[in-house]
Structure formats: C-alpha cells, structure tokens
1. Out of the range 9-35, which residues are on the phi < 0 side of the Ramachandran plot, of a type outside the set (A, V, I, L, M) and touching a residue at least 24 places away in the same chain (Cβ under 8 Å)?
2. Name the one entry in A118, A97, A86, A101 that is small (G, A, S) and modelled with pLDDT under 90.
3. Would you point out the residue of the range 97-108, among those that are under 8 Å from the mean Cα position of the chain (by Cα) and closer than 12 Å to H53 by Cβ, that is surrounded by the most Cβ atoms within 10 Å (Cβ to Cβ)?
4. Got at least one residue in the range 40-47 being touching a Ser or Thr at 6+ places or on another chain (Cβ under 9 Å) and either surrounded by 14 or more Cβ atoms within 10 Å (Cβ to Cβ) or over 21 Å from F124 (Cα atoms) (or both)?
5. Keeping to the range 3-44, report how many residues are among the hydroxyl-bearing types (S, T, Y) and over 16 Å from L83 (Cβ atoms).
6. In the range 47-95, what count of residues is obtained for those that are touching a Leu at 6+ places or on another chain (Cβ under 9 Å), assigned to a helix (DSSP H, G or I) and among the hydrophobic types (A, V, I, L, M, F, W, C)?
7. Give me a count of the residues in the range 55-84 that are touching a Lys or Arg at 6+ places or on another chain (Cβ under 8 Å) and either among the polar types (S, T, N, Q) or at negative phi (or both).
8. Taking K92 as the residue in question, decide whether it is farther than 18 Å from I4 by Cα and either among the polar types (S, T, N, Q) or free of Cβ contacts under 8 Å to residues at least 12 places away in the same chain (or both).
Amino acid sequence: MNDIITERSGNILRIQLNRPAKKNAMTSAMYITLADLFNAAAEDDQTRVVLWHGAGDSFSAGNDIEDFLKNPPGPGKSPQAELIDALINFDKPIVAAVQGAAIGGGTTMLTHCDFVFAGETAKFRMPFVDLAVVPEFGTSYSIPARFGYLRRRADFVRTSLRRPSRGRARIGDARSFRSGVTRHCD
C-alpha cells in the first residue's frame, strides 16, 4: 500500500495521505515524497491547484514517532525541512480538507495552505510544550500571522491547547481557524 496516493483530474492534483491505521502519521519517506510532489507540481503547467487530504478519520497525527526515532534529524536539511521549503515556495493554491486529527506537524503543514476546510470532526493540536520541544518550523510566528496576534491564538502554540472544530473552545470556533488560515490570501 502506498503511503501517499495522487490522482489528477484536469488541472487538479489530489494528494492523499494514506496511512489511516496510523492516523496518517508522517514518516521521513512521506515528507520527502510530498516535497518532491509539490516541487514537481510547481513546475507543471498542467497543475493549477492541489487538493490535499488524509485517508480515514484523520488528516495527520504529525510525525510517526517510531520512524522519527529510527531516523533522527542529523546534519544537513531534514525531510521535514524539505517539505516546508517546498510548501513555502509553492506558488499555486493548496486546498486542504481536514477531518479528524491534525496534530503537531499536521497542523504546521496546514499553515502553509491557501485554504483549509475543517470538517465537523476536525481537531487541531500543537503539543510542543507538552513534549518539551520548541514549536517547529516557525509556528510560533506562522500561527499568529495567519490568525492575527491575539493572545488566545498565540496561546494555542505556547500552551498546547486543544483545538476542536465543534462548538466553542478557548480560541474560538472552526470558522475562525478557516478564516484565519485563508485570510493571508486576501
């Protein structure tokens, strides 16, 4: 089974994270494959937009801890950095459809999308403080930049608040997440 499935429909490239039994947790190989896919799509005149989603009941649980321990970051550019660079340099729209969990890196990747549609079951969490690590890839900057620098939204990164899509939470509702992520396109 492929961990990432792609499908082309006209000018739309659909990318699906395909590890539903692992909540689409990302391996080093998946980061590299995604970076290659986004870099190739950037150069492909036939690709006008990317639709990105996860199989099963989650978008992505972030890093696959087992794989991460087997392949710890070393000297040079990490697979995660390769993907983030590809996302930052991608100049076409990226539309993400999120259902279920988007945890840690799963949420970080979404801050680089142009539109994020959160389903009723979407839950966003950045557990960096709980894990005693620094937020990755500038999320202490990108989350406030996407949502506005409100204390509660900054607290989302600094205090590992859980971010359910349904109902009210300490940092607002799913509409504020969607509008915050898409606001940077205006």
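The values are calculated or read from the model by the stated rules, or taken from the named source; none is laboratory data. Predicted, not measured: the structure shown is a model, and the values here were computed from it. Here the Cβ is made from the backbone with ideal geometry for all residues, glycine too, and neighbour counts use every protein chain on show.
1. Selection gives N11, R14, Q16, N18, R19, P20, K22, T27, S28, Y31, T33.
2. So the residue among A118, A97, A86, A101 that is small (G, A, S) and modelled with pLDDT under 90 is A118.
3. A102
4. First, pick out the residues of the range 40-47 that are touching a Ser or Thr at 6+ places or on another chain (Cβ under 9 Å): 40-41.
Then drop every residue that is not either surrounded by 14 or more Cβ atoms within 10 Å (Cβ to Cβ) or over 21 Å from F124 (Cα atoms) (or both), which leaves 40-41.
The answer is yes, given that some residue of the range 40-47 is touching a Ser or Thr at 6+ places or on another chain (Cβ under 9 Å) and either surrounded by 14 or more Cβ atoms within 10 Å (Cβ to Cβ) or over 21 Å from F124 (Cα atoms) (or both).
5. Looking only at that region, the number is 1.
6. 3
7. The qualifying residues number 6.
8. Values: farther than 18 Å from I4 by Cα: yes; either among the polar types (S, T, N, Q) or free of Cβ contacts under 8 Å to residues at least 12 places away in the same chain (or both): no.
In short, no.
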